[in-house]
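For reference, the structure discussed in these notes is given below.
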Amino acid sequence: MSLKTKKTIITYGTFDMFHIGHLKILQRLSALGDRLIVAVSTDEFNKKKGKKTLIPFEQRAEIIENIKCVDKVIPELTWDQKVEDVEKYDVDVFAMGDDWIGKFDFLNEYCEVLYLERTENISSTDLKKSLRKFSSIPKEDILNAFEIIEKLKREFE
Ligand code: C2G
């Protein structure tokens, strides 16, 4: 009987517009064990989730792959792959942010299930909203604003 030495953690997400909330949860998950596997949702799967992403899957996966505390990145293609992943990678802990609380309790049959507190006041959705607001400002208005700032700057010099 082989003694299991490495504790494996798995989590899932889109990680669009990677921000501090994403980093914090990955760091906390990694601290729970020895190996952290992150399943990154593909663009096709996000369409099924009704989620539009700004950053394409390949780039989101590459960013996560290069986060120090992440050991492995796999694609998330469907809602139904979690049991298979838990068994395939011999996972000890499945964990998500608490915006998913209770949604994956069925996995308790296969491994420990945890929901961690989200980082407040930051989300990809809000970042995208701000970008949309910003990009909705007519170019002329932005140029005018810069002109006014330039004038003020000259007056203060
Ligand atoms: N998160 C967080 N704090 C934030 C924003 C996000 O801790 N301020 C966490 C979420 O709770 C989640 C992870 O970061 O655990 C990734 O979040 P999303 O990219 O929004 O993931 P989502 O699109 O909800 O995908 O099968 C599950 C899905 O793939 C989850």
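Annotations for the structure displayed:
- Gaussian network model of the chain, Cα within-10 Å springs - most flexible of K103, K133, K82: K133
- With a Förster radius of 35 Å applied to the C-beta separation of K24 and D80, the computed FRET efficiency comes to 0.80.
- Summed residue charge, Cβ within 10 Å of K51's Cβ, Lys/Arg positive, Asp/Glu negative: +2
- Spatial separation of Cα centroids for the stretch 109-128 and the stretch 21-97, in angstrom: 12 Å
- Under-5 Å amide H pairs with L116, H placed in peptide plane, nonlocal only: M96, G97, D98
- Relative to the current alpha-carbon distance between D34 and K72, full extension at 0.36 nm per residue lengthens the span by 12.5 nm.
- Here is the size of the chain from its Cα atoms: Rg then Dmax, 20.5, 80 Å.
- Here r is the Cβ-Cβ distance between I63 and E150 and R0 is 22 Å; the resulting FRET efficiency, rounded to 0.05, is 0.05.
- In plain terms, the chain from L143 to K7 could stretch by 43.5 nm, reckoned as 0.36 nm per residue minus the Cα-Cα distance.
- Among I37, Q59, Y89 - extreme Cα towards positive end, dipole of the chain, charges at beta-carbon: Q59
- Net length gained if the chain between K48 and S136 were fully extended (0.36 nm per residue, minus Cα distance): 28.9 nm
None of the figures in this text is laboratory data; all of them are computed from the coordinates on show. Note that the coordinates shown come from a computational prediction; the quantities given were computed from them, not determined experimentally. Cβ: placed from backbone, ideal geometry, glycine included. Neighbour counts: every protein chain shown.
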